[in-house]
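Asks: One structure coming up, written as structure tokens, with questions to follow.
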Amino acid sequence: GCRVVATDLSCGMLRNGRTLNDRSGTDVPLLQCDALALPFPDATFDRVFTAYGAVPFVADSGALMVEMARVLRPGGRLVFSTSHPWRWSFPDDPSEHGLTVRQSYFDTTPYVETDDSGRATYVEHHRTIEQRVDEVVAAGLILEGLRELPWKATNEATWGGWSPLRGGLIPGTLLLVARRPG
């Protein structure tokens, strides 16, 4: 009973969305846009959701919270997940070597990967939990929930710096739920 619109800056992700539309027989509208300038009028949506989407990849995530709040109707909810801030203190190593704090939790220097010419190919912006909550509140939203998702006991996969060993001890995902007053 709901109408869904999906957005992304990446053409590749939108191609994946078209593939999912084709496989499922649905027709979710897919729009390419910058999350800091959503092409929707104020108060358009009852829900805004992003799972590891724009939040960690936008340098000014406070402005992103304001933009997402703008398109929410009064009473609407924002839900987003991002890398848990605690994980940035540890090296990207799924073994026991990845369980030793290597840098300050409070160091918000972006994580940057570069190609052979030194051009940034991947950038992720770290914020503390306090900063994430402050951004939500500064956008005029009411924080309703904060979840630190545990590793599922049935997940035996190793991916990047994550494994059952590390995931059982360190939260990898932070999920926040907020509501626009009204």
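Asks: Rounded to the nearest 10 Å², what accessible area does Leu72 have for a 1.4 Å probe in the complete protein model?
Replies: We get 0 Å² for Leu72.
Asks: Using a 1.4 angstrom probe on the protein heavy atoms only, line up Cys11, Cys2 by accessible area, largest first.
Replies: Cys2, Cys11
Asks: For the chain, which whole percent of the accessible surface, found with a 1.4 angstrom probe, sits on carbon and sulfur atoms?
Replies: Solvent-exposed carbon and sulfur of the chain make up 55 percent of the total.
Asks: Same structure again: Just to confirm the filter: which chymotrypsin sites (Phe, Trp or Tyr not before Pro) across the range 1-84 are DSSP coil and have at most 16 other Cβ within 10 angstrom of their Cβ?
Replies: Tyr52
Asks: Hey, another quick one. Scan the range 88-166 for GluC sites (Glu not before Pro) in coil per DSSP, keeping those whose Cβ has at most 10 other Cβ atoms within 10 Å, and list them by number.
Replies: For GluC sites (Glu not before Pro) across the range 88-166 that sit outside H, G, I, E and B with at most 10 neighbouring Cβ atoms in 10 Å, the list reads Glu156.
Asks: Which residue, Ser89, Ser117, Ser104, tops the fluctuation ranking in a GNM of the chain built on C-alpha contacts under 10 Å?
Replies: Largest GNM mean-square fluctuation: Ser117.
Asks: Shifting gears a bit: Quote the accessible area belonging to Asp46 in square angstrom, nearest 10, computed with a 1.4 Å probe and with ligands, DNA and RNA left uncounted.
Replies: The accessible area comes out at roughly 80 Å².
Asks: Moving to a separate point now. Figure the gain on full extension for Glu144 and Arg15 (residue separation times 0.36 nm, minus the Cα-Cα span) and round it to one decimal in nm.
Replies: Here the answer is 43.1 nm.
Asks: Based on a Kirkwood Rh over C-alpha pairs, give the Stokes-Einstein translational diffusion coefficient of the chain at 37 °C and viscosity 0.692 mPa s in µm²/s.
Replies: 183
Asks: Which peptide among 3-9, 63-69 comes first, and what is the full order, when sorted by highest mean count of other Cβ atoms within 10 Å?
Replies: Packing order, densest peptide first, comes out as 63-69, 3-9.
Asks: Please work out the average accessible area per residue across the chain, using the 1.4 Å probe convention, and give it in Å².
Replies: Heavy-atom accessible area per residue stands at 59 Å².
The values are calculated or read from the model by the stated rules, or taken from the named source; none is laboratory data. The structure presented is a predicted model; accordingly, all values stated were derived computationally and were not measured. Every residue, glycine among them, receives a Cβ derived from its backbone with ideal geometry; neighbour counts consider all protein chains shown. Ligands, DNA and RNA are excluded from the accessible area calculation, which covers all protein heavy atoms including side chains. Shrake-Rupley method; radii C 1.70, N 1.55, O 1.52, S 1.80 Å.
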